[in-house]
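First up is the structure itself, then whatever we jot down about it.
Read-outs throughout are calculated quantities, based only on the coordinates presented, and are distinct from any laboratory measurement. What you see is a predicted model, and the numbers here were worked out from it, not measured in a lab. Don't worry about glycine lacking a Cβ; one is built from the backbone with ideal geometry, like all the others, and counts go over all protein chains shown.
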Amino acid sequence: MYIVRDIFHLKFGHYRDVKVLLDEAASKKMFAENPGNRVLTDFTGDAYRVILEQGFKSLEEYEKTLASDMGKPEWGSWYMRFKDHVERSHREILRQVSL
């Protein structure tokens with residue numbers, strides 16, 4: 001099992017706008033529907049972060065999801081609006097080894 005975390009550091013004061021965009025994306029089913037998907041925000045540590053967490057059985061499954069989801073025209077227009085609120089981002093790909 002692989003856990004992919006896309007971590008976005010938001011511009012100060014932009015969380016509410018991002019929350020609206022995330023709700024829009026969820027309502028339009030723009031994210032892959034996996035039972036392990038979560039949207040997280042910071043409680044401690046670096047402030048103004050939104051973390052999109054997804055679980056995949058393999059890296060191949062992850063790559064296929066990227067190609068299918070991000071290849072849609074509605075994804076591109078949504079992402080252009082989303083990235084205006086982001087200062088920087090990074091991705092973590094973790095391998096679950098137990099449980």
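Non-local lysine pairs in the chain, meaning eight or more places apart or on different chains, with alpha-carbon distances under 26 Å, amount to 20. In a fully extended conformation the segment linking Y2 and E60 would gain 19.8 nm over its present Cα-Cα distance, using 0.36 nm per residue.
Per residue, the chain reaches -11500 deg cm²/dmol at 222 nm when only DSSP H runs of four or more residues are counted, each adding -39500 (n - 2.57).
By the equivalent-ellipsoid construction on the alpha carbon gyration tensor, region 1-48 comes out with semi-axes of 20, 16, 7 Å, ordered largest to smallest. If you wrap the chain in the convex hull of its Cα atoms and look at it from every side, the mean projected area works out to 6.8 nm². Taking the Cα centre of region 30-99 as origin and assigning +1 to Lys and Arg Cβ atoms and -1 to Asp and Glu Cβ atoms, the resulting dipole is close to 40 debye. In a fully extended conformation the segment linking D84 and E33 would gain 15.9 nm over its present Cα-Cα distance, using 0.36 nm per residue.
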